[in-house]
1. Of all residues being open to solvent by 10 Å² or more (accessible area, probe 1.4 Å) and over 18 Å from residue 201 (Cα atoms) in the range 346-360, which is nearest to the chain's Cα centre (by Cα)? Just the residue, please.
2. Quick check on residue 115: is it of a type outside the set (Ser, Thr, Tyr) and surrounded by fewer than 16 Cβ atoms within 10 Å (Cβ to Cβ)?
3. Given the criteria without any contact (Cβ under 8 Å) to a residue 40 or more places away in the chain and not hydrophobic (A, V, I, L, M, F, W, C), does residue 239 qualify?
4. When only residues in the range 154-212 that are among the charged types (D, E, K, R) and touching a Ser or Thr at 6+ places or on another chain (Cβ under 6 Å) count, which is farthest from residue 98 (Cα to Cα)?
5. From the set of residues in the range 374-392 that are of a type in the set (Ser, Thr, Tyr) and under 18 Å from residue 250 (Cβ atoms), which is least open to solvent (accessible area, probe 1.4 Å)?
6. Any chance you could count how many residues in the range 139-165 are more than 24 Å from the chain's Cα centre (by Cα) and either outside any helix (DSSP H, G or I) or modelled with pLDDT under 90 (or both)?
7. Of all residues in the range 338-370, how many are under 13 Å from residue 325 (Cα atoms) and aromatic (Phe, Trp, Tyr)?
Amino acid sequence: MIFLYNLILIVLYPFFLISTLFNKKLKEFYLTRKEGKKRIQEFIQNYKNQKAIWLHASSVGELDQALAIFRILKSKHSNIPILITVFSLSVKNLDKIPSEGKAYLPIDFFWQWKFIQDNFVLFITFTWDVYPNLLRILKKKNCHNFLCSAAIEEDSYRVKWSFLFRSFYKNFDGIGVVDEYNYNNFIKLFNKNLKITGDSRYDSIVYKLENQKISEEDKKKLECAKDIIILASTYKECDKQLYPYLENLIVEFPKRKIWIFPHHINEERLKETKEYLKKYNIKNVLFFSDKEFINKYNQYNIIIVDKLGILAYAYRFSKICYVGGAFHHRVHNTGEPAACGSIPFTGPNIFSSPVAILLWKNQLLFRFANGKDLIQNMTSLLKNQEQLNFKSERIKELLWNQTGSSKKFYEEFLENLLKNYR
């Protein structure tokens with residue numbers, strides 16, 4: 001299967017190169033891979049006389065998982081330099097990652113990794129990301145390879161055709177899965193050193209909430225928020241689904257403010273949000289950045305938050321929320337509202353998120369195929385204050401009980417391995 005994997009990469013690569021001439025995103029991807037390889041080489045050169053650790057995260061969610069492991073590694077082995085790589089361009093501002101090295105990961109060609117030396121004592125990738133060629137080279141260089149917070153659906157092609165894909169996992173020294181369900185899926189692919197260690201993203205969620213800092217001015221504005229309804233990470237598709245029925249919420253709960261957090265806060269998206277509201281006769285809109293925000297607050301039903309870094313803090317003032325992405329693609333972060341006791345309502349596409357699945361299975365997340373049903377059911381729960389309070393306490397308890405995975409993964413797989421590197 002690895003032969004076929006390499007063959008596919010080789011066949012597709014010329015088409016990819018040609019496409020970069022016409023597609024800005026693909027060109028950006030190509031350039032970040034070149035820069036990424038250079039950064040990794042520089043990291044290896046800078047720490048050529050030291051043993052190092054390499055953490056890899058596919059996208060934003062996996063980066064949260066990686067940072068949780070990064071923090072526990074640094075608390076135990078502050079002297080070991082750590083490289084963190086990411087794959088998706090959805091990860092912005094690489095240089096804000098608090099590690100000694102950071103880079104976008106190059107494409108996993110079998111010839112790509114010849115520059116790797118024996119610096120790395122440990123390589124950890126997260127959730128489902130597997131790079132057979134990179135793992136093989138690292139193994140040859142005596143690096144120990146692990147998959148952390150591993151999760152895979154039972155209907156995944158890798159599980160269904162597990163006899164073809166076991167070779168992808170042969171160079172792992174251990175895999176820590178998030179729960180028993182995923183243990184039963186992964187054992188079909190890897191059975192050498194498989195343990196249930198949980199999902200480290202929960203540790204990152206709590207860490208961010210406990211260490212979040214916002215300006216005094218923003219804190220004062222947020223003091224206006226009491227029992228608000230949050231619409232978070234909204235896209236155009238969310239607007240289309242929800243806004244035709246938003247007036248119902250305003251009529252039913254005139255004292256509750258609806259705070260909208262568009263996924264992008266550029267001028268175009270903010271204008272689009274306001275226009276969609278206006279289309280459904282919702283004109284009573286206040287922007288968070290308004291200099292008279294505090295004085296004007298009580299006069300408006302809808303608040304559009306046009307500033308980053310506010311959402312996670314705002315969840316503390318909400319017991320119910322909508323989390324976007326799941327009507328057209330995949331759901332965004334449902335862990336942050338859960339940690340604050342806010343019940344998430346979403347579109348149907350939640351199954352790429354282990355956190356959302358956990359909440360849904362415990363009847364603490366509600367998914368709907370359309371905005372009409374979503375708003376109707378949100379209204380019903382808001383009217384049942386006793387049930388809402390119960391679920392708010394339950395969801396917070398459930399999420400906080402998931403923390404501690406980073407420590408467990410470290411103790412199960414890494415403690416003995418790194419005992420000589422304190």
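1. Residues of the range 346-360 that are open to solvent by 10 Å² or more (accessible area, probe 1.4 Å), as a first pass: 348-349, 351-354, 357-358, 360.
Then keep just the ones that are over 18 Å from residue 201 (Cα atoms); that gives 348-349.
Numbers: 348: 18, 349: 15 Å.
Going through the qualifying residues, I end up with 349.
2. Numbers: of a type outside the set (Ser, Thr, Tyr): yes; surrounded by fewer than 16 Cβ atoms within 10 Å (Cβ to Cβ): yes.
Yes.
3. Numbers: without any contact (Cβ under 8 Å) to a residue 40 or more places away in the chain: yes; not hydrophobic (A, V, I, L, M, F, W, C): yes.
Here the answer is yes, as residue 239 does meet what is asked.
4. Taking the range 154-212 first, the residues among the charged types (D, E, K, R) are 154-155, 158, 160, 166, 170, 173, 179-180, 188, 192, 195, 199, 201, 203, 208, 210.
If we keep only those that are touching a Ser or Thr at 6+ places or on another chain (Cβ under 6 Å) as well, we get 188, 199, 203.
Values: 188: 36, 199: 21, 203: 16 Å.
So the residue we want is 188.
5. Within the range 374-392, the first condition is being of a type in the set (Ser, Thr, Tyr), and the residues that meet it are 379-380, 392.
From the residues that got through so far, the ones that are under 18 Å from residue 250 (Cβ atoms) too are 379-380.
Details: 379: 17, 380: 71 Å².
Looking at the filtered set, the residue picked out is 379.
6. Filtering the range 139-165 for residues more than 24 Å from the chain's Cα centre (by Cα) gives 139-144, 160-165.
Remaining after also requiring either outside any helix (DSSP H, G or I) or modelled with pLDDT under 90 (or both): 141-144, 160-165.
Residues meeting the conditions: 10.
7. Residues flagged as under 13 Å from residue 325 (Cα atoms) and aromatic (Phe, Trp, Tyr) within the range 338-370 amount to 3.
The rows are residues; the columns are (1) touching a residue at least 40 places away in the same chain (Cβ under 8 Å); (2) out of contact with any His (no Cβ under 7 Å at 6 or more places or on another chain); (3) among the acidic types (Asp, Glu).
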{"residue": "356", "(1), (2), (3)": "no, yes, no"}
{"residue": "360", "(1), (2), (3)": "no, yes, no"}
{"residue": "375", "(1), (2), (3)": "yes, yes, no"}
{"residue": "421", "(1), (2), (3)": "yes, no, no"}
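The values are calculated or read from the model by the stated rules, or taken from the named source; none is laboratory data. Since this is a predicted model, take the numbers as computed values, not measurements. Cβ: placed from backbone, ideal geometry, glycine included. Neighbour counts: every protein chain shown. Protein only, heavy atoms only, side chains kept; ligands, DNA and RNA dropped before computing areas. Shrake-Rupley method; radii C 1.70, N 1.55, O 1.52, S 1.80 Å.
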